[in-house]
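Okay, so here's the structure we're looking at.
Bear in mind that the values in this text are calculations on the coordinates, not laboratory data. What you see is a predicted model, and the numbers here were worked out from it, not measured in a lab. In this analysis, Cβ positions are derived from the backbone assuming ideal geometry, glycine residues included, and neighbour counts consider all displayed protein chains.
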Amino acid sequence: DSGVTQTPKHLITATGQRVTLRCSPRSGDLSVYWYQQSLDQGLQFLIQYYNGEERAKGNILERFSAQQFPDLHSELNLSSLELGDSALYFCASSPQTGYEQYFGPGTRLTVT
Amino acid sequence: AQSVTQPDIHITVSEGASLELRCNYSYGATPYLFWYVQSPGQGLQLLLKYFSGDTLVQGIKGFEAEFKRSQSSFNLRKPSVHWSDAAEYFCAVVAGDTGFQKLVFGTGTRLLVSP
């Protein structure tokens, strides 16, 4: 158990819908990262937040957005969902004094 | 741009045999390198990390990795594989400026363990 929690574990929804994925980092970690894992793209960095502020963006679509709240939990919002958005979405957090990232169990999103 | 290459998509090893998974990185400065393992349907678990210092690093579950700057490699090894080691293994490098460190992953190597 990494200490990073993600909910829900599975999500099945239809095209065009909007979903919210939630992540709680390890106690004491200020940075939260979101990654997408798909068969064709592999593991891709989406976005990073540090202590409530967006720090960097990766390959994140405009239909996707995220935020980090004062209690440091983060949410990833995916809207106007397409079949190709079906993937595993991971959240990770990192300590202030290290570079390693600890991953949550992931949310498996299926868009039908 | 920083990148990681894992040249082997699949590897099959007999239980009890030794294992080496290859990883090559592309990075200008001293890289921060990691190996993660992902069991089916699970998240990624950190096996070990290299930041600096001793080039042979020990990790969890009996794994070790050796950083070789001259070969731009960070290969993962285990002297005796157990059936429970069957999983997908990812090599990763930290990329980005201070305060922004995303992980760039290789494509992964799936390890199969035969009896």
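Data overview
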| item | result |
| --- | --- |
| Pick from the stretch A:66-112, criterion acidic (Asp, Glu) and more than 14 Å from the chain's Cα centre (by Cα), ranking: farthest from the other protein chains (Cβ to nearest Cβ) | A:82 |
| Residues located in the stretch A:27-60, provided they are closer than 20 Å to residue A:95 by Cβ, in contact (Cβ under 8 Å) with a residue 24 or more places away in the chain, over 10 Å from the mean Cα position of the chain (by Cα) and within 9 Å of another protein chain (Cβ to nearest Cβ) | A:31, A:55 |
| Exclusive hit being away from every other protein chain (no Cβ under 13 Å), more than 24 Å from residue B:6 (Cβ to Cβ), without any contact (Cβ under 8 Å) to a residue 24 or more places away in the chain and surrounded by fewer than 21 Cβ atoms within 10 Å (Cβ to Cβ), set A:63, A:22, A:18 | A:63 |
| Qualifying residues in the stretch B:95-112 (those that are more than 10 Å from chain A (Cβ to nearest Cβ) and under 15 Å from the mean Cα position of the chain (by Cα)) - the one surrounded by the fewest Cβ atoms within 10 Å (Cβ to Cβ) | B:110 |
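Here's the yes/no breakdown for (1) within 14 Å of the chain's Cα centre (by Cα); (2) surrounded by fewer than 17 Cβ atoms within 10 Å (Cβ to Cβ); (3) of a type in the set (D, E, K, R):
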site: B:33; (1), (2), (3): yes, no, no
site: B:40; (1), (2), (3): no, yes, no
site: B:54; (1), (2), (3): no, yes, yes
site: B:72; (1), (2), (3): yes, yes, no
site: B:93; (1), (2), (3): yes, no, no
site: B:114; (1), (2), (3): no, yes, no
